[in-house]
Amino acid sequence: MSVLTLPVAPVRPLPHSRAWRAINAVVTVTARDIVLVIKSPSTLAVSLIMPLMMMGLIGGNLMENMTGGLSFDFGEFMLVGMLINMLFMTTTMGMTSMIDDSDEQFSAEMLVSPVSRYSIVIGKILGSSFLAIISGFGVLIIGWIMGITLSGWQLLGLLALTPLMCLSGGALAMIVFGLVRNRKAANMAVMMITMPQMFLSGVIIPIASSTGILWFLSRILPMTYCVDLGRAVVYAGTDQYASTVLFNPAVSLTAIIGLTVVCLILGTYLYVRSEKNR
């Protein structure tokens with residue numbers, strides 16, 4: 001008995017299957033990192049203690065002893081700078097988990113999967129930004145205790161900028177992890193690229209009068225433009241705008257996007273190359 005067979009049309013991938021794979025990879029990597037953070041109470045505790053040390057001790061001391069004669073409210077100035085600093089710095093420090101992923105061969109397993117390398121990297125950055133957002137809430141709480149508050153519209157404006165700030169910090173960290181493969185060395189390298197920015201980018205110390213090498217360094221640091229864009233949002237329409245904001249918001253936004261894209265491309269290339277050479 002002969003069996004009638006019908007021709008079967010070849011199965012073609014859905015037109016958006018590649019995009020959905022990329023989105024799925026981003027969500028999966030992000031969710032994994034968030035779960036790891038939630039399962040680590042000590043990490044959550046440190047993320048709340050850091051704002052107390054940075055904002056309460058350093059900022060509070062400056063606020064009480066070195067702010068006489070300023071033409072703007074230093075408390076609000078410091079709150080915005082410290083909030084963005086914590087988003088940027090905590091995301092950067094959280095990216096050190098990539099070293100652990102590499103040691104556990106998890107990175108190798110991800111890199112052989114049929115998804116974009118950028119999807120994996122962006123997922124790691126978003127996962128690290130979860131802890132950064134918790135630190136940001138810590139800054140707002142410490143600010144409230146110190147009597148420094150922002151309006152609802154100001155908070156919404158800063159909230160809208162949060163993903164860009166975290167992405168900028170994570171992209172910068174990728175260059176470090178593409179060059180450094182040791183956890184201890186990576187931690188030191190991250191501190192070396194985050195702590196100087198805190199003092200050179202205007203987080204708590206105004207930099208409008210900086211000259212020479214300090215002027216040059218402040219203009220090439222990504223956090224300078226992140227902080228300035230945040231202050232442009234907060235001080236928009238106020239008399240203090242001219243004395244607190246350095247650049248046109250369009251200039252700051254362009255600089256952030258440009259530096260982030262460059263760091264993301266270069267960092268991802270270095271990271272993938274280092275994993276292949278293991």
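The values are calculated or read from the model by the stated rules, or taken from the named source; none is laboratory data. None of these values were measured; they are calculated from a predicted model. When we count neighbours, we look across all protein chains shown, and the Cβ atoms used for this are built from the backbone with ideal geometry, even at glycine.
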How about the stretch 225-278: which of its residues are more than 30 Å from Ser116 (Cα to Cα) and of a type in the set (Ser, Thr, Tyr)? Tyr235, Thr238, Tyr241, Ser243, Thr244
Can you list residue pairs whose Cβ atoms sit under 6 Å apart, with the first residue in the stretch 27-47 being closer than 11 Å to Leu126 by Cβ and the second being of a type in the set (A, V, I, L, M, F, W, C) and surrounded by 14 or more Cβ atoms within 10 Å (Cβ to Cβ)? Count only pairs 6 or more apart in sequence or on different chains. Val29/Ile120; Thr30/Leu126; Ile34/Phe130
Suppose we filter the stretch 132-162 for residues that are farther than 14 Å from Ile84 by Cβ, part of a helix (DSSP H, G or I) and not hydrophobic (A, V, I, L, M, F, W, C); how many remain? 1
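If you go through the stretch 35-49 one residue at a time, do you hit one that is among the β-branched types (Val, Ile, Thr), part of a helix (DSSP H, G or I), modelled with pLDDT of 80 or more and within 13 Å of Phe130 (Cα to Cα)?
yes
Does Thr254 satisfy the criteria of being surrounded by 14 or more Cβ atoms within 10 Å (Cβ to Cβ) and of a type in the set (Ser, Thr, Tyr)? So that I can check it myself, show each step before the final result.
On the way: surrounded by 14 or more Cβ atoms within 10 Å (Cβ to Cβ): no; of a type in the set (Ser, Thr, Tyr): yes.
Judged against the criteria, Thr254 is not a match.
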So Val272, is it more than 24 Å from Phe74 (Cα to Cα), surrounded by fewer than 20 Cβ atoms within 10 Å (Cβ to Cβ) and in contact with a Leu (Cβ under 7 Å, 6 or more places away or on another chain): yes
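Would you check if there is a residue in the stretch 211-225 being under 16 Å from the mean Cα position of the chain (by Cα) and farther than 26 Å from Ile99 by Cβ?
To start, the set of residues in the stretch 211-225 that are under 16 Å from the mean Cα position of the chain (by Cα) comprises 221-225.
Within this subset, residues satisfying the condition of being farther than 26 Å from Ile99 by Cβ are 224-225.
Yes, the stretch 211-225 contains at least one residue that is under 16 Å from the mean Cα position of the chain (by Cα) and farther than 26 Å from Ile99 by Cβ.
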Are there any helices (runs of 4 or more DSSP H) wholly within the stretch 200-278 with 3 or more residues that are touching a residue at least 60 places away in the same chain (Cβ under 8 Å), and if so which? 222-235, 249-276
Residues that are buried (at least 18 other Cβ atoms within 10 Å of the Cβ), assigned to a helix (DSSP H, G or I) and of a type in the set (D, E, K, R): does the stretch 183-192 have at least one? no
Whether any residue in the stretch 61-78 is modelled with pLDDT under 85, under 26 Å from Ala171 (Cα atoms) and part of a helix (DSSP H, G or I) is what I want to check. no
Can you name the number of the only condition in (1) within 28 Å of Ile99 (Cα to Cα); (2) loosely packed, with under 14 Cβ neighbours inside 10 Å; (3) small (Gly, Ala, Ser) that Ala208 fails? (1)
Please identify the pairs in which a residue from the stretch 106-131 that is assigned to a helix (DSSP H, G or I) has its Cβ atom under 6 Å from the Cβ atom of a residue that is charged (D, E, K, R) and at pLDDT below 85, counting only partners at least 6 apart or on another chain. Ser107/Asp101; Ser107/Glu275; Leu111/Glu275; Gly127/Asp33
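Checking the conditions here, which among Ile175, Ile145, Ile125 is surrounded by fewer than 24 Cβ atoms within 10 Å (Cβ to Cβ) and farther than 30 Å from Gln240 by Cβ? Reasoning before the result, please.
Values: Ile145 fails: farther than 30 Å from Gln240 by Cβ; Ile125 fails: surrounded by fewer than 24 Cβ atoms within 10 Å (Cβ to Cβ).
Among Ile175, Ile145, Ile125, only Ile175 is surrounded by fewer than 24 Cβ atoms within 10 Å (Cβ to Cβ) and farther than 30 Å from Gln240 by Cβ.
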